[in-house]
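A.B. asks: After the structure tokens below, expect a handful of questions from me.
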Amino acid sequence: MEALYATVTGFLAASGLYLALRGRTFPVVVGLTLLSYAVNLFLFSTGGLTTNGAAVIREGVTHYADPLPQALVLTAIVIGFAMTAFSVILAMRVRGDQGSDQVNDQRGEEPKEEKS
Amino acid sequence: MSLPLIVLLPLLGSLIPLLSSNRQRNLNAWSTALLPAIALGIVIAHAPGVIAGEVYHSSMSWVPQLGLDLAFRLDGLSLLFLLLILGIGLLIILYSRYYLSPEDSMPRFYAYLMLFMTSMIGIVMADNLLLLWVFWELTSLSSFLLIGYWYRQSEARRGARMALAVTGMGGLAMLAGFLLIGHIVGTFDLQTVLDSRELIQADPRYLPALLLVLLGAFTKSAQFPFHFWLPHAMAAPTPVSAFLHSATMVKAGVFLLARLHPALAGSQLWLYIVTLTGLVTMIYAAYFALLKYDLKGVLAFSTVSHLGLITMLFGLDSKLAVVAGLFHIINHAMFKAALFMSSGIIDHETGTRDIRKLSGLRHSMPMTAALSGLAAASMAGVPLLNGFISKEMMLTETLESSLLGGLAWLIPVLATLGSILSVAYSLRLIRNVFFGPEAKELPKAPHEAPFPMRLPMLLLVGLCVVIGLIPAVIVSGVLDAAAQATILAPRPELHLSIWHGFNLPLLMSAIALAGGVGIYAVRRNLFSFQRQFPQRNALMIFEHSVRRLLHWTQVAIDRLENGSLQRYMLWLIVAVLFLTGSGLLDLDQLQGSRQPQPLDGLLLAGAGITILAGLGTAVLHRRRLVSLMMLSVVGLMVSLAFARFSAPDLALTQLAVEVVTVILLMLALFFLPQRTPKESTGARVVRDVLLAAGFGGVVASLNYALLTRPLDSISGFFLDNSVSGGGGHNVVNVILVDFRGFDTLGEITVLCIAAIGIYKLLNRLRLFMPSSDSEGRPWSKDLHPMLLATVSQTLLPLALLVSVFIFLRGHNEPGGGFIAGLVTAVALILLYIARGVDWAQQRLSFQYQPIAVTGVAIATLTGLGSWLFGHNFLTSAFGHFSIPFIGEIELATAMLFDLGVYLTVVGATLMILANLGKLTTRHRPSKENEKETV
């Protein structure tokens, strides 16, 4: 099961990274979102994979899931949403102001003219 | 103790001139002089004690972690320098009052001057190496302001920049040296350092420490080859030059040599480096002083030359040489300040400083001529003046030196040569300017300057004469005390007097005077000799090298930062792969000792769907809508994974966020191109696939290695204390709102800031609105489907009720502020989608920004509230209450905090989505109207 979990994380990370390396804004934002899923899964798993663990404290129950990574990942999910939102709106703003959705600074395409 | 006052008063004094206007010139000058005068009074009050051998200390802790204390001391060396700095400083204040023209801002000038004076005082009084360094850099900064005072002149700007670059860099080297010394000794306390001579010199780090400290001293004191900045600092107003280059700035370097003399001097290394640097500087600069046409240029090079002389004396391994050096510091400060003032008066009254134009000024300004003549004679070492005595001592000491072994005779010979040149340029200065026929074509008709402007000169030259005649009476006390502080022993027997009988030094002095006159007589030959060398301007070379440095830096920056996000990502990923990969290589084997858990079919299917959807998102990315749908599948599967592995809170959150994210991205996609053009070259795709595969492999390996290794978690603490300490059974929620509440507060603040940033980004954004999708199909005319509208409206109260429920039970059951907030936000967004922004806004007539901000405020205030009860920030309290019909519930202050979280999440999410949604409707009604009219 651990191997399977790790494989899923790896595939999501790879797909996200591939998209993040694209040259247009929308795939990059999607890629970052995908990457954040992978990161959240990874962080979550640092507490171990618990099956049928209790989520809340009950008398006489000793089998609990590790709450600490859960708390960290919970805020990470919300912050990840804020980040996704910010970057996609930034992309829209760039398109509105510059008319392009390319991620690269267009001046970087050609070598700069030497000026003395 | 009043020691800190000596530093503090001039510092306050830098504010005083700023209080009066530029027009009240007398008031400005007098009020500025007041505080340093009081400081001088305090110094003088301490003087008898210091001369009697006492050392005053005063210390306050500043940054104890760094070993930096506000520690001041007043010993003989400090006393000598304080008298010079404050005494000459006061004269400069008086002189500047008449020197500055009405267009120059007097308050600014005085403020800079006082700031500089403060930093100088700090250097000489510091009782802690780091504090000394702080003031040292302050002198670099404030002298930059002073040299660049006439900032409209490019010469002044460039001169100031060069001085700052050279002395600032030297200062940094010095700091490195101090840090080494501090490491060797174990403290930065000056007294301890001075007492640890054997320890320091036996340490292998002595060599680098000495070199670095000397680099600082030599750059500041303009020693060869770092002398080049000083002549260009002459672009400063003349009072500044008179202050900086006689008594202060450049003397800081030689002060440092004297201050650290007990700790660093005495080794062969010190002897060679310091003595020879001083000697070379003395002769080199004296030669160039002879060749300059600018009055201040002559004085600048002569300053460098005399500093060389002092440096050489501090280098020689004789106690008397140190005394001679200290004595020459006093004498040089006096005659050089007087000469600079004279050049300022000449410039002021004739409009030029060019020696070739000036001539015969003794007729029009007799007093200035007489005073300058005396000061120059002192500089040349003419008997009966103070310069003669210290020069005589210098020549005596060079004869005693054993440096260079068999070639020891070179030192006195070269010292005599330096003296000859010194006589020659002093003679040239006076004879060419004040004697000869009266100059005709001067920019202004020369006449004597107002008396108060000549008064400082008169006092200084008067002192030169008095010290020259009766040295023992005037300076012996201060000099003794200073010598004692520098060589940490009572001053060796020395009779300060003008007559020591016929001896070799006297002969050398006579040779110097005669030789100087001789050189002066044949100076034209020297000029024509020098003309065959190409002119080299230090400023040009310096500026050129700075430009070259900037150019190469720019080239390097352009290589690394070319504006391509893809390239930055590449570097980042390569770095990650390298660092993480090398860590993985160190593992013995990937699999750890923990037993793997069993697989089942459901898990396999789930994993398969997730992987396929993830790959699909990437592979189909050019069809953006499809890619987005794939992404949402991944999100849902992740949410299921959380549920499967016993994390219901996470599952709920992920589900809600997934909904919001997909709505957000759909809205964004409406404004962005629906498809990504095929741009990447095959090679690029291959490269990225390889990178991504490598990255995925590393992440998977890391994750697997982690999962199969024994787990040692700190979570036991949270599980044990959640109920007793936080009053809640849902540990995740208790961690969020209680144990790690401060983190959560930070996170909702970030969320709120991001939302506000988005709000600003969307402000006045105008975007092209496509009238059809990528396939060319027009958008549906049915904007707000009846079914959706009805259902969403019906669902709204229910959804709100659910969110209240989730919120209330969050502390004990899965739920909480984050999830409740997201549910509320989704319910409201659904209403926006179903009914349109206009409809929704008419009914929900509140702004979302205040809601989000209120949320953060409530959370913060909850945290602050615990201060009222004397607890730490965000300490929670809870109790059980019984409410009729509902029963007993548990209320904790953490719930209030959670309310803040809830409001922030609702406000921020709606601020983002509602404002984005508004963009879609801004033009739409008008477009429809157009269609209808057509």
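A.B. asks: For segment B:693-702, which positions are facing chain A (nearest Cβ under 7 Å) and either in contact with a Gly (Cβ under 6 Å, 6 or more places away or on another chain) or of a type in the set (Gly, Ala, Ser) (or both)?
C.D. replies: B:Ala693, B:Gly696, B:Gly697, B:Val699, B:Ala700
A.B. asks: Can you tell me which of (1) within 30 Å of B:Val574 (Cα to Cα); (2) assigned to a helix (DSSP H, G or I); (3) facing chain A (nearest Cβ under 8 Å); (4) hydrophobic (A, V, I, L, M, F, W, C) is the one B:Val723 doesn't meet?
C.D. replies: Single failed check for B:Val723: (1).
A.B. asks: If you don't mind, another one. What helices (runs of 4 or more DSSP H), lying completely within segment B:806-869, carry at least 1 residues that are of a type in the set (Lys, Arg)?
C.D. replies: Passing ranges, in order: B:817-835, B:837-843.
A.B. asks: Is it true that B:Leu549 is more than 10 Å from chain A (Cβ to nearest Cβ), under 30 Å from A:Asp105 (Cβ atoms), surrounded by 10 or more Cβ atoms within 10 Å (Cβ to Cβ) and touching a Phe, Trp or Tyr at 6+ places or on another chain (Cβ under 8 Å)?
C.D. replies: Here the answer is no, as B:Leu549 does not meet what is asked.
A.B. asks: Between B:Ser78, B:Ser31, B:Ser20, which is hydroxyl-bearing (Ser, Thr, Tyr) and closer than 23 Å to B:Asn331 by Cα?
C.D. replies: B:Ser78
A.B. asks: Identify the residue in segment A:37-86 that is within 14 Å of the chain's Cα centre (by Cα) and β-branched (Val, Ile, Thr) and, among all such residues, is farthest from the other protein chains (Cβ to nearest Cβ).
C.D. replies: Top of the filtered list is A:Val39.
A.B. asks: Moving on to the next point. Scan segment B:267-303 for residues that are within 18 Å of B:Ala538 (Cα to Cα), among the aromatic types (Phe, Trp, Tyr), assigned to a helix (DSSP H, G or I) and in contact (Cβ under 8 Å) with a residue 60 or more places away in the chain and jot them down.
C.D. replies: B:Tyr284, B:Tyr287, B:Phe301 - these are the residues of segment B:267-303 that are within 18 Å of B:Ala538 (Cα to Cα), among the aromatic types (Phe, Trp, Tyr), assigned to a helix (DSSP H, G or I) and in contact (Cβ under 8 Å) with a residue 60 or more places away in the chain.
A.B. asks: Sticking with this structure for a sec: Can you pull out the residues in segment B:664-702 that are buried (at least 19 other Cβ atoms within 10 Å of the Cβ) and at pLDDT 90 or above?
C.D. replies: Correct list: B:Leu664, B:Leu665, B:Asp688, B:Leu691, B:Ala692, B:Phe695, B:Gly696, B:Val698, B:Val699, B:Ala700, B:Leu702.
A.B. asks: So which residues in segment B:509-557 are of a type in the set (Phe, Trp, Tyr) and in contact (Cβ under 8 Å) with a residue 40 or more places away in the chain?
C.D. replies: Across segment B:509-557, the qualifying residues are B:Tyr520, B:Phe527, B:Phe542.
A.B. asks: Is one or more of the residues making up segment B:454-474 touching a residue at least 24 places away in the same chain (Cβ under 8 Å) and in a loop (DSSP other than H, G, I, E, B)?
C.D. replies: No, segment B:454-474 has no match at all.
A.B. asks: Within segment B:55-97, track down each residue that is of a type outside the set (D, E, K, R), touching a strand residue (DSSP E or B) at 6+ places or on another chain (Cβ under 7 Å) and part of a strand (DSSP E or B).
C.D. replies: Once the filter is applied, which keeps residues that are of a type outside the set (D, E, K, R), touching a strand residue (DSSP E or B) at 6+ places or on another chain (Cβ under 7 Å) and part of a strand (DSSP E or B), segment B:55-97 yields B:Tyr56, B:His57, B:Ser58, B:Ser59, B:Met60, B:Ser61, B:Trp62, B:Leu68, B:Leu70, B:Ala71, B:Phe72, B:Leu74.
A.B. asks: Let me ask something else. Looking at (1) more than 7 Å from every other protein chain (Cβ to nearest Cβ); (2) in a helix (DSSP H, G or I); (3) surrounded by fewer than 23 Cβ atoms within 10 Å (Cβ to Cβ), which one does B:Ala656 not meet, given that it meets all the others?
C.D. replies: (3)
A.B. asks: Among the residues of segment B:732-783, count how many are more than 30 Å from B:Asn721 (Cβ to Cβ) and hydrophobic (A, V, I, L, M, F, W, C).
C.D. replies: Total meeting the criteria: 13.
A.B. asks: Right, something else. Using beta carbons and a limit of 6 Å, which pairs, at least six apart or on different chains, have the first residue in segment B:657-678 and more than 18 Å from B:Leu751 (Cα to Cα) and touching a residue at least 40 places away in the same chain (Cβ under 8 Å) and the second one in a loop (DSSP other than H, G, I, E, B) and not hydrophobic (A, V, I, L, M, F, W, C)?
C.D. replies: These pairs meet every condition: B:Leu672/A:Asp101; B:Gln674/B:Ser774; B:Arg675/B:Arg622; B:Arg675/B:Ser774; B:Thr676/B:Arg622.
A.B. asks: Is at least one residue of segment A:15-36 among the polar types (S, T, N, Q), touching a residue at least 40 places away in the same chain (Cβ under 8 Å), more than 7 Å from chain B (Cβ to nearest Cβ) and touching a Gly at 6+ places or on another chain (Cβ under 8 Å)?
C.D. replies: So far as segment A:15-36 goes, yes, one or more of its residues are among the polar types (S, T, N, Q), touching a residue at least 40 places away in the same chain (Cβ under 8 Å), more than 7 Å from chain B (Cβ to nearest Cβ) and touching a Gly at 6+ places or on another chain (Cβ under 8 Å).
A.B. asks: Restricting segment B:727-786 to residues that are among the polar types (S, T, N, Q) and in a loop (DSSP other than H, G, I, E, B), which is farthest from the other protein chains (Cβ to nearest Cβ)?
C.D. replies: Ranking the qualifying residues of segment B:727-786, first place goes to B:Ser780.
A.B. asks: If you take the residues in segment B:142-155 that are surrounded by fewer than 21 Cβ atoms within 10 Å (Cβ to Cβ) and touching a residue at least 24 places away in the same chain (Cβ under 8 Å), which one is nearest to B:Leu194 (Cα to Cα)?
C.D. replies: Looking at residues that are surrounded by fewer than 21 Cβ atoms within 10 Å (Cβ to Cβ) and touching a residue at least 24 places away in the same chain (Cβ under 8 Å), I get B:Leu145.
A.B. asks: What is the number of the single condition among (1) crowded, with 17+ Cβ neighbours inside 10 Å; (2) at pLDDT below 90; (3) of a type in the set (A, V, I, L, M, F, W, C) that B:Phe109 does not meet?
C.D. replies: Going through the list (1) crowded, with 17+ Cβ neighbours inside 10 Å; (2) at pLDDT below 90; (3) of a type in the set (A, V, I, L, M, F, W, C), B:Phe109 breaks only (2).
A.B. asks: From the set of residues in segment B:739-782 that are β-branched (Val, Ile, Thr) and in contact (Cβ under 8 Å) with a residue 60 or more places away in the chain, which is surrounded by the most Cβ atoms within 10 Å (Cβ to Cβ)?
C.D. replies: Once the filter is applied, the top-ranked residue is B:Ile748.
A.B. asks: Give the number of residues within segment B:525-584 that are outside any helix (DSSP H, G or I), within 30 Å of B:Arg157 (Cα to Cα) and more than 32 Å from the chain's Cα centre (by Cα).
C.D. replies: Total meeting the criteria: 4.
A.B. asks: OK, next. Of the residues in segment B:612-640, how many are outside any loop (DSSP other than H, G, I, E, B) and more than 7 Å from chain A (Cβ to nearest Cβ)?
C.D. replies: So the answer is 15.
A.B. asks: Please work out which residue is nearest to the other protein chains (Cβ to nearest Cβ), limiting yourself to segment B:703-714 and to residues that are surrounded by fewer than 21 Cβ atoms within 10 Å (Cβ to Cβ) and in a helix (DSSP H, G or I).
C.D. replies: Checking each candidate, the answer is B:Leu706.
A.B. asks: Within segment A:88-108, does at least one residue satisfy the condition of being part of a helix (DSSP H, G or I), more than 7 Å from chain B (Cβ to nearest Cβ) and hydroxyl-bearing (Ser, Thr, Tyr)?
C.D. replies: no
The values are calculated or read from the model by the stated rules, or taken from the named source; none is laboratory data. Worth saying up front: this structure is predicted, and the values here are computed from it rather than measured. Virtual Cβ from ideal backbone geometry, glycine too; neighbours counted across all protein chains shown.
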